[in-house]
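Asker: Pasting a structure below so you can have a look.
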Amino acid sequence: MTDADRLKALMEPILEAEGAELVDLEVAGSRGRPVVRAYVDTEEGVTLDECARFSRLLERELEESGAVPERYVLEVSSPGLERPLTKRRHFERFAGREVEVRLYAKRGGRKNFVGTLEGVRDGDGDGFEVVVLDPDTGERWTFAEDAIARARLHVRW
């Protein structure tokens, strides 16, 4: 299978030079034909034309570097309305917005929490902590970075 860390290391500088950010990366499919999904964003969001342009730039680098086999699929898209929050700066940027946090281990009998992202603070060691307010009860939850399995913006449909 294609190494996601190697792909990220190749993609991030290209996107950053274009004023964009690699928000998340998924590698699926088979060893002989992997599917590489790159979720890209900018402060203003991304258009379909920008995704196509980023795809061409990334495709050239991936193929020249040999990071992908001859047969592969590259999909470049926006992270969407319920975008994942994967880095400290994502949590800082979206403070005040509603988020959904899923933990690796249960806390208080559950793993899923939805509330208002109040902010981020330094945690123990090199990590950070995320502070979320339950709008219904006023309870404040603090989640260590390494306890979070997945976090994303929450949109009420």
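The values are calculated or read from the model by the stated rules, or taken from the named source; none is laboratory data. No experiment lies behind these values; they were computed from the predicted model shown. Backbone-built Cβ (ideal geometry, glycine too); neighbour counts: all protein chains shown.
Asker: I'm checking my understanding of the structure. Among residues of the range 1-56 that are part of a loop (DSSP other than H, G, I, E, B) and among the polar types (S, T, N, Q), which one is nearest to Arg93 (Cα to Cα)?
Answerer: Applying the filter and picking the extreme gives Thr42.
Asker: Checking Val99 against (1) aliphatic (A, V, I, L, M); (2) within 28 Å of Ser30 (Cβ to Cβ); (3) in contact with a Leu (Cβ under 6 Å, 6 or more places away or on another chain), which single condition isn't satisfied?
Answerer: (2)
Asker: Given the options Glu70, Glu75, Glu12, name the one that is over 30 Å from Trp141 (Cα atoms), surrounded by fewer than 16 Cβ atoms within 10 Å (Cβ to Cβ), more than 13 Å from the chain's Cα centre (by Cα) and modelled with pLDDT of 95 or more. Before you say what the answer is, go through the steps one by one.
Answerer: On the way: Glu70 fails: modelled with pLDDT of 95 or more; Glu12 fails: more than 13 Å from the chain's Cα centre (by Cα).
Answer to the selection: Glu75.
Asker: What about Arg89, is it in a helix (DSSP H, G or I), surrounded by fewer than 16 Cβ atoms within 10 Å (Cβ to Cβ) and touching a strand residue (DSSP E or B) at 6+ places or on another chain (Cβ under 9 Å)?
Answerer: Values: in a helix (DSSP H, G or I): yes; surrounded by fewer than 16 Cβ atoms within 10 Å (Cβ to Cβ): yes; touching a strand residue (DSSP E or B) at 6+ places or on another chain (Cβ under 9 Å): yes.
Answer is yes for this residue.
Asker: Give the residues of the range 92-141 that are in a loop (DSSP other than H, G, I, E, B), of a type in the set (Gly, Ala, Ser) and either in contact with a Phe, Trp or Tyr (Cβ under 6 Å, 6 or more places away or on another chain) or surrounded by 16 or more Cβ atoms within 10 Å (Cβ to Cβ) (or both), sorted by residue number. Step through it out loud before you land on a result.
Answerer: First, the residues of the range 92-141 that are in a loop (DSSP other than H, G, I, E, B): 94-97, 108-109, 123-127, 134-139.
Add one more test, that the residue is of a type in the set (Gly, Ala, Ser), and what stays is 95-96, 108-109, 123, 125, 127, 138.
Matches in the range 92-141: Gly123 only.
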